[in-house]
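Comments concern the structure below.
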Amino acid sequence: MAFSSIPMNPKWFEPASKFVDSSFPAAVAKLGQLVKIPGIAWPSFDQGNLELSAEKVADEFRQLGFFDFVEIRRAAKPSGDSGAPALVARKAGHPDAPHVLLYAHHDVQPPGDRSLWDTEPFEATLKGDRLFGRGASDDKSGIITHLTSLRAFIELATEIRIGVTVFIEGEEEAGSESFPEFLRTNHADLAADLIVVADSGNWSEDVPALTSSLRGMVSQTFTLRTLDHALHSGMYGGPLPDATTAMIRLLASLTDEKGNVAISGLDSVPIDGPELSDEEFTQVAGLLPGVERLGTKTVTQQIWGEPAVTVIGLDLPAVDVSSNTAQPAVRAKISLRLAPSQSPESGLEALKDHLTRHKPFGAELEFGRHEAGPGYLAKDGWAAKLAHEAFSAAWPNPSVNMGIGGSIPFISQFAEAFPGAEILVTGVEEPDSRAHSPNESQHLPTLKRAILAQSLILLNGNDLVR
């Protein structure tokens, strides 16, 4: 029997708001402590810091004194290597009440070029209403949202009926390789009626959002060959079909003259949500003066509901070391984003078919490594209705649904493992958070509102019955 939608009870707003106000300075201080730990799951970085990060997060949840257990667990990657440390904490609830899984991740992106940062990447630096540092937004603020909203819930709920699981992953930024196996081996402890994934963003600082769609993705590496050895570009140039020219022609065939994707067999999903004007897109994307955007549909339709193709890698001699040589072979890597409805298998097949049909001059085409991940379309159930009310109460403006042009494949893995669960994709980011980029920051008013909204979701969900 499913849960029925109920209106948000206004009695919880004032006490929850007061609790979040009083506890927020301590929450920001804890966020600063987490930012100082450079937990990066990539093998080229010190994995001891990742262990330290997991232990610090586990200690914070142990201090709640709420869970039946708080443990650090791992699962095997497809290679057989051990995955990164992840936190699992679980509190059993009443069988007629919802069980809620709260997800975030404690690992972060590498800092990149230090010279591009205005502050130290792994020192939390407060400037105005923003806290700067790697992971300050993505996704250590997600951890703080879960931790502080649970504090509010424990303090304010007169009777605790809902069950709660916390799952803080340790390798999301490195591709979540062990995630499927982790779900399989921890299925019973992760089972839930509602999964809250705090790893997305909001429409703006003042307009909250639930992420209702995610594009899928495939990437394909391939090599194009036209010669069996390199040749002097002067001695043979003219009739010679060098591999570089062939590759340029092939890559150009991926879009039409307006910039629309020209690969046959790809889905398009109509998007209903707020719109971003061409002028706003030019500003947020940093287009240079005079540069025109691609495509003929609206910006948000293109980003959320349409395929997108990008050449993300090309192996050619660097200009500084180039010579008058015609290349016999060139290797490239293409990223293809897919409409949320399309399977990655059919998208990959469409891409490979296009490359095969459009290779020029009779060139040889050899496919290499590929990656794939499904998209996601959210259900509109009891939790989404409640969340929209909670977010609208916590922010100065009503909440909206929005799509994300990027891909989070593990959300579809959650949906496959727990088909009866509703999934809410929430987050604390907004357009200027700069996650993954230099000068990443967390807008603190947004974090405070996210904590309040999730507190209201937990308190109201506690009143639900099957």
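The values are calculated or read from the model by the stated rules, or taken from the named source; none is laboratory data. Source: prediction; values computed, not measured. Here Cβ is always computed from backbone atoms with ideal geometry, including for glycine, and neighbour counts include all displayed protein chains. Each accessible area value is taken on the protein alone, full model and side chains, heavy atoms only, with ligands, DNA and RNA left out. Shrake-Rupley method; radii C 1.70, N 1.55, O 1.52, S 1.80 Å.
Computed from the C-beta positions of Thr255 and Lys379 and an R0 of 35 Å, the FRET efficiency is 0.55 to the nearest 0.05. If only the Cβ of Lys and Arg carry +1 and only the Cβ of Asp and Glu carry -1, the dipole of the chain around its Cα centre is close to 300 debye.
Its Cα gyration tensor gives segment 177-307 an equivalent ellipsoid, and the semi-axes of that ellipsoid, as √(5λ) in whole Å with the largest first, are 40, 26, 14.
Please list 29-41, 129-141, 222-234 highest first by mean number of surrounding beta-carbon atoms within 10 Å per residue.
Values: 29-41: 20.7, 129-141: 26.8, 222-234: 15.8.
The densest-packed peptide leads the list: 129-141, 29-41, 222-234.
Just the protein heavy atoms count here, and of the accessible area of the chain at 1.4 Å, carbon and sulfur take up 52 percent.
What ranking, highest mean first, results for peptides 174-183, 441-450 when packing means the other Cβ atoms within 10 Å averaged over each residue?
Per-residue mean Cβ counts within 10 Å order the peptides as 441-450, 174-183.
If both residues of a DSSP beta bridge must be in the chain, then about 65% of such bridges are antiparallel.
Want the number for Arg434 to Thr356: 0.36 nm per residue separation, take away the alpha-carbon distance, what's left? Don't skip to the answer; put the middle values down first.
Numbers: separation 78, 0.36 × 78 = 28.08 nm, distance 3.74 nm.
Contour length minus Cα-Cα distance gives 24.3 nm.
Using a Förster distance of 45 angstrom, determine the FRET efficiency expected from the C-beta separation of Ser5 and Arg225, and round it to 0.05. It comes out at approximately 0.15. For the listed peptides 338-347, 119-128, 290-299, a ranking on the average number of other beta carbons within 10 Å per residue, highest first, reads 338-347, 119-128, 290-299. One Cα centroid belongs to segment 285-320, the other to segment 368-394; the line between them spans 25 Å. Positive-end ranking of Ser407, Ile162, Ser322 along the dipole of the chain, with charges on Cβ about the Cα centre, is headed by Ile162.
Taking a straight Cα-Cα cut-off under 22 Å and skipping sequence neighbours fewer than 8 places away in the same chain, the lysines within cross-link reach of Lys36 are Lys56, Lys127, Lys140, Lys448. Annotation for Ile154 and Met235: the two label points, set 7 Å from Cα along the Cα-Cβ direction, are 7.7 nm apart.
Straight-line reach only, C-alpha to C-alpha below 22 angstrom: list the lysines that Lys297 could link to, leaving out same-chain residues fewer than 8 apart. Once the sequence-local lysines are set aside, what remains near Lys297 is Lys258. The distance from the alpha carbon centre of segment 110-135 to that of segment 204-265 is 34 Å, rounded to a whole number.
How big is the C-alpha Rg of segment 22-168 next to the rule-of-thumb value 2.2 N^0.38 Å, as a ratio?
Values: Rg = 16.6 Å, N = 147, 2.2 N^0.38 = 14.7 Å.
Compared with the compact-globule rule of thumb, segment 22-168 sits at 1.13.
Within the set (1) 75, 45, 35; (2) 69, 55, 42; (3) 85, 45, 45, the number that Cα extents along the principal axes in Å takes when calculated for this structure is listed as (3).
Give the calculated FRET efficiency between Ala318 and Ala188 to the nearest 0.05, with a Förster radius of 45 Å applied to their Cβ-Cβ distance. Please report the intermediate quantities before stating the final value.
Values: r = 53 Å, r/R0 = 1.18.
Efficiency, rounded to the nearest 0.05: 0.25.
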